[in-house]
Amino acid sequence: MKNWLWFSDFFSSSEVHLHGFTEHLLEKTTRFQDIDIVDTPFFGRMLIIDGDVQSSEKDEFIYHEAMVHPAMLLHPHPRRVLIMGGGEGATAREVLKHKTVEELYMVDIDEDMIAAAREFLTSWHQGAFDDPRMHLIFDDARKVVENFENGSLNVVISDLTEPFEMGPSFPLFTKQFAQVVYDKLDDQGVYVVQSSILRPLIYTMHAAIRRTLQAVFPVVRSYAVYVESFDTPWSFIIASKGKDPMDWTSEELHGAIRERISGELKMYDAESHWHMFYLPKNIREAIDEPGPILDEEHPIYLTRKGDILPYK
């Protein structure tokens, strides 16, 4: 143990989660972010971006299955799917398990992140970058999405860092961009967004994203799953133009998983689906509180402590 090095994952100025690691495989500063990849005795290989744990080898499947499968199954026949972010390649891996997928567009602004994933995160992507259905695009996601024809996409997946403190992803979380996504989706289209940490006192980011999507989409549902390497529940929001993810029966959902997905699912099934969507009372009440939306014309500054400030 004395030979270990330590990484401090700060949740706040007074709260920290320590991870011991045995080898520092990559330390790289790109034009967009700081990337570290380490090997840890407990979680296996771990990806750290800008000082925050992004995913670990031992439990990344929890996050990625939760993000992908409820949304993909909600569309009756998803053939054309777009991912924003998802640099590890694991989001793409899960999308490509769906037998109906013919085209997958993955847009990431940081080519160096993809290169690092190809070399060091093979258990994440499992060859997804080289699947013939994959179209990998290095560009600004907003510009790419805007160039699709209206109604041409079935599912859009936002696996981007949340826009704390007016970060660079802010334009991709606004009401204006949600309307762009809405227009590009077909009549039964589904949009799923990773929506930040879901812990007491820090519901504000999730709630702001939720209210923003409710301003555009007719069906909006929050859900969450505990990710051990994050040491917290992590949240997602599905916004749908058609079916509600709570409208399944268990028999229907079991059947859809069996018929439409090839390959192993380690976490997600019908029971897990209900567990993720049935949030505790205190969380439901907190995220339903009225408040501001994410709007380009009236931007707000959301801090990691949960404060909402006007942006100047």
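The values are calculated or read from the model by the stated rules, or taken from the named source; none is laboratory data. Everything quoted here is computed from the prediction, not taken from an experiment. All Cβ positions, even for glycine, are placed from backbone atoms using ideal geometry, and neighbour counts span all protein chains on display.
The residues on offer are Leu185, Leu121, and the sole one that is aliphatic (A, V, I, L, M), crowded, with 18+ Cβ neighbours inside 10 Å, modelled with pLDDT of 95 or more and within 20 Å of Glu65 (Cβ to Cβ) is Leu121.
From Ile287, Ile237, which residue is in the same structural domain as Ala178 (by TED's automatic domain parsing) and modelled with pLDDT under 95? Full working, then the answer.
Numbers: Ile237 fails: modelled with pLDDT under 95.
The conditions single out Ile287.
Of all residues in segment 268-280, those that are touching a residue at least 12 places away in the same chain (Cβ under 8 Å) have Cβ atoms under 6 Å from Cβ atoms of residues that are polar (S, T, N, Q), 6 or more apart or on another chain, in Ala270/Ser250.
Return yes or no: is Pro78 modelled with pLDDT of 95 or more, crowded, with 17+ Cβ neighbours inside 10 Å and in a loop (DSSP other than H, G, I, E, B)? So that I can check it myself, show each step before the final result.
Values: modelled with pLDDT of 95 or more: yes; crowded, with 17+ Cβ neighbours inside 10 Å: yes; in a loop (DSSP other than H, G, I, E, B): yes.
When the stated conditions are applied, Pro78 passes them.
The residues of segment 58-72 that are under 22 Å from Phe7 (Cα atoms) and touching a helix residue (DSSP H, G or I) at 6+ places or on another chain (Cβ under 6 Å) amount to a single one, Glu60. Based on this model, can you work out whether Asp130 counts as among the charged types (D, E, K, R) and within 22 Å of Arg211 (Cβ to Cβ)? When the stated conditions are applied, Asp130 does not pass them.
When the test is whether a residue is surrounded by fewer than 20 Cβ atoms within 10 Å (Cβ to Cβ) and either at negative phi or modelled with pLDDT of 95 or more (or both), Met246 passes it. Among residues of segment 42-59 that are within 19 Å of Asp159 (Cα to Cα), those with a beta-carbon under 6 Å from a residue that is of a type in the set (Ser, Thr, Tyr) at least six positions away or on a different chain give the pairs Met46/Thr40; Met46/Ser56; Leu47/Ser55; Val53/Ser229; Ser56/Ser229; Glu57/Ser123; Asp59/Ser229.
In segment 26-52, the qualifying residues are those that are in a strand (DSSP E or B) and among the hydroxyl-bearing types (Ser, Thr, Tyr), and the one that is surrounded by the fewest Cβ atoms within 10 Å (Cβ to Cβ) is Thr29. The C-beta contact set for segment 194-222 (first residue at positive phi, second residue modelled with pLDDT under 95 and part of a helix (DSSP H, G or I), distance under 7 angstrom, 6+ apart or interchain) comprises Ser196/Met205; Ser196/His206.
Okay, residues lined up against (1) of a type in the set (Gly, Ala, Ser); (2) more than 24 Å from Met72 (Cβ to Cβ); (3) out of contact with any His (no Cβ under 7 Å at 6 or more places or on another chain); (4) in the same structural domain as Leu294 (by TED's automatic domain parsing):
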{"position": "Phe120", "(1), (2), (3), (4)": "no, yes, yes, yes"}
{"position": "Asp131", "(1), (2), (3), (4)": "no, no, yes, yes"}
{"position": "Ala141", "(1), (2), (3), (4)": "yes, no, yes, yes"}
{"position": "Val155", "(1), (2), (3), (4)": "no, no, no, yes"}
{"position": "Gly167", "(1), (2), (3), (4)": "yes, yes, yes, yes"}
{"position": "Val181", "(1), (2), (3), (4)": "no, no, yes, yes"}
{"position": "Ser196", "(1), (2), (3), (4)": "yes, no, no, yes"}
{"position": "Ala207", "(1), (2), (3), (4)": "yes, yes, yes, yes"}
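Considering only segment 145-166, how many residues are over 16 Å from the mean Cα position of the chain (by Cα) and surrounded by fewer than 20 Cβ atoms within 10 Å (Cβ to Cβ)? Full working, then the answer.
Applying the first criterion (over 16 Å from the mean Cα position of the chain (by Cα)) to segment 145-166 yields 145-154, 165-166.
After this cut, where a residue has to be surrounded by fewer than 20 Cβ atoms within 10 Å (Cβ to Cβ) as well, the list is 146-152, 165-166.
Going through segment 145-166 one residue at a time, the tally reaches 9.
Scanning segment 88-124 for residues that are in contact (Cβ under 8 Å) with a residue 40 or more places away in the chain and assigned to a loop (DSSP other than H, G, I, E, B) yields Glu88, Gly89, Lys97, Lys99, Thr100, Ile109, Asp110, Leu121.
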